[in-house]
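Q: Could you have a look at this structure, given as C-alpha cells, before my questions?
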Amino acid sequence: MSDFDDINERGLVLVGCGRMGGAMLKGWLARGLEPGAVTVIDPGLAPEWRDVGLRVNADLPADPAVLVLAVKPQMMADALGHVPQLRDTLVVSVAAGTTIATFEESFADAPIVRVMPNTPAAIGQGISALVGNARATEAHLDLAQALMSAVGRVVRLEGEHQMDAVTALSGSGPAYVFHMIEAMAAAGRAEGLPADMALELARMTVAGAGALAVDADEDPAVLRRNVTSPGGTTAAGLEVLMDAENGLPPLMVRTVAAAAERGRALGRGEK
Ligand SMILES: NC(=O)c1ccc[n+]([C@@H]2O[C@H](COP(=O)([O-])OP(=O)(O)OC[C@H]3O[C@@H](n4cnc5c(N)ncnc54)[C@H](OP(=O)(O)O)[C@@H]3O)[C@@H](O)[C@H]2O)c1
C-alpha cells in the first residue's frame, strides 16, 4: 500500500505552486501520487504544470485528504480567504513564520501540521522539521512526513516553540553555506588562485564534504580529526577557524541567534 492511497482517493489541494510547492509536487508525482488527484490553486501557474493532468484552478473536492499551503506568508490571508471550511482534511503549511494559531483561526477543528522545509528541497535534498496541533494524530503526522519525505529528510519537533530555532538553523542555513563558499573562494583568490578556479574548488569542497558528512557513520568531529595531522596544514587552518573567541563557533552562535530573534520578532508582528 502506498502512503498516498488515501490521497489518490480523496484528493490533495495545493495552494501556491511556486518554488517550494512545485518542488513538492514534483516529488509527490514521482512517488506515485496521481496527477488527477491533485487540485492546484495558483493563478499564475507555470506552463510546465499545464499539461500533466492536474486539476488546475478547479473547484475543490468536497473532502480532500490534505490541503497544502505553499504561498508566501504575506499572501496567506488572501489564499485562506478562498478556501472553504473543510471537514476531515489535514492542513499542512510550509509557510515560514505563520503560526499554528493563525491557521486555527481559519480551520477551527482541523488537524494542522506546520512544516519548515529548506531550499535544497528543490533537488530532493531538503530537511524539513514538522509539528502538529492538538488535533493532529500520529497518522496525520505520518502522512505529513510522507509528503515531506518526497523532497528530503524529515525531523519531528517536540513543540512549535522550537520552530524559530529550526528556521534560524536549517531554514536560513543554506544561505550561510552559500556565504561560506563565497568566503572560501575569496580566501583562495587572496592566496593567488584565479577567481574561477577558487570558486570551483570552494564549491566542490563544500558539496563533497557535505555529502561525506551525510554518508559517513562517524560524527563530523571524528571526520575532522581524521583529516587533521598534528602539525600539518589543516591543523594550522583549524587553529584559526576554531578559535573559541574569534573563530567560527562564537560567530555561528551569534548568526543563528540573530536569525532566531528575527523570527520571534516577525512572530510578534513586528515589521
Ligand atoms: N523556497 C524555499 O526554499 C522555501 C523554504 C522554506 C519555506 N518556504 C515557504 O514556502 C512558501 C512558498 O515559498 P516559495 O519560495 O515557493 O514562493 P513562490 O515561488 O513565490 O511561490 C508561491 C506561489 O504561490 C502563488 N500565489 C500567490 N498568491 C496566491 C494565492 N492567493 N492563491 C494561490 N496561489 C498564490 C504565487 O503566484 P505568483 O508568483 O503569481 O504570485 C507563486 O506561484 C513560503 O511561505 C515560504 O515561507 C520556502
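Q: Take the Cβ-Cβ distance between Ala187 and Val52 as r, set R0 to 41 Å, and report the resulting FRET efficiency rounded to the nearest 0.05.
A: E(calc), rounded to 0.05, equals 0.35.
Q: Which ordering of Lys271, Lys72, Lys26 is given by a fewest-first count of other beta-carbon atoms within 10 Å?
A: Ordered by Cβ neighbours within 10 Å, fewest first: Lys271, Lys72, Lys26.
Q: With springs only between Cα atoms under 10 Å apart, run a GNM on the chain and tell me which of Gly210, Gly44, Gly231 wobbles the most.
A: Gly231
Q: With n ≥ 4 as the cut-off for DSSP H runs, can you work out [θ] at 222 nm for the chain, using -39500 (n - 2.57) per run divided by the number of residues, rounded to the nearest 500?
A: Dividing the helical sum by the residues of the chain leaves -13500 deg cm²/dmol.
Q: Still on this structure, please answer the following. From zero up to wherever the largest Cα-Cα distance of segment 176-271 sits, split into 5 Å bins and tell me the percent of pairs in each.
A: 2, 11, 12, 19, 22, 15, 8, 6, 3, 1, 0
Q: Return the distance in nm (one decimal) between the two label points of a simple spin-label model at Met252 and Ser149, each offset 7 Å from Cα along Cα→Cβ.
A: The modelled label-to-label distance comes out at 2.9 nm.
Q: Related question: In degrees, nearest 10, range 0 to 90: what is the angle between the Cα axis of helix 248-267 and the longest Cα principal axis of the chain?
A: Relative to the chain, helix 248-267 is tipped by roughly 20 degrees.
Q: Which of Ser93, Ser106 comes first, and how do the rest follow, when ranked by fewest Cβ neighbours within 10 Å?
A: Ser106, Ser93
Q: Would you compute, for the Cα atoms of the chain, the largest minus smallest coordinate along each principal axis and list the three values in descending order, in whole Å?
A: 68, 40, 35
Q: What is the angle, in °, between the Cα long axis of helix 173-190 and the longest principal axis of the Cα atoms in the chain? Nearest 10 is fine, range 0 to 90.
A: Approximately 30 degrees, to the nearest 10.
Q: Hey, another quick one. With label points built 7 Å along Cα→Cβ from the Cα atoms of Glu138 and Leu212, find their separation and express it in nm.
A: 4.0 nm
Q: Still on this structure, I have one more. Over the chain, what is the relative contact order in whole percent, taking alpha-carbon pairs under 8 Å and six or more residues apart?
A: This gives 14 percent for the chain.
Q: Are there GluC sites (Glu not before Pro) in segment 217-256 that DSSP marks as loop and that have at most 16 other Cβ atoms within 10 Å, and which are they?
A: Glu218, Glu245
Q: Relative to the present Cα-Cα distance, how much length would full extension add between Glu239 and Arg268 at 0.36 nm per residue of separation?
A: Once the chain is fully extended between Glu239 and Arg268, it gains 6.4 nm.
Q: Then there is this: Using only C-alpha atoms and all pairs of different ones, pull out the Kirkwood radius for segment 1-75 in Å with one decimal.
A: Answer for segment 1-75: a Kirkwood hydrodynamic radius of 12.3 Å.
Q: Mind checking the angle between helix 138-149 and the chain's longest principal axis? C-alpha axes, 0 to 90 degrees, to the nearest 10.
A: Roughly 60 degrees between the two axes.
Q: Continuing with the same structure: Taking only the alpha-carbon atoms of segment 5-163, what semi-axes of the equivalent ellipsoid follow from 5 times the gyration tensor eigenvalues under a square root, in whole Å, largest first?
A: Semi-axis lengths for segment 5-163 are 21, 18, 15 Å.
Q: Sorted from fewest to most neighbouring beta carbons within 10 Å, what does the list Ser170, Ser149 look like?
A: Ser149, Ser170
We did not get these values from a lab; they are worked out from the coordinates using the rules stated. Note that this is a predicted model, so its numbers are computed, not measured. So basically every Cβ, Gly included, is an ideal-geometry build from the backbone, and we count neighbours across all protein chains shown.
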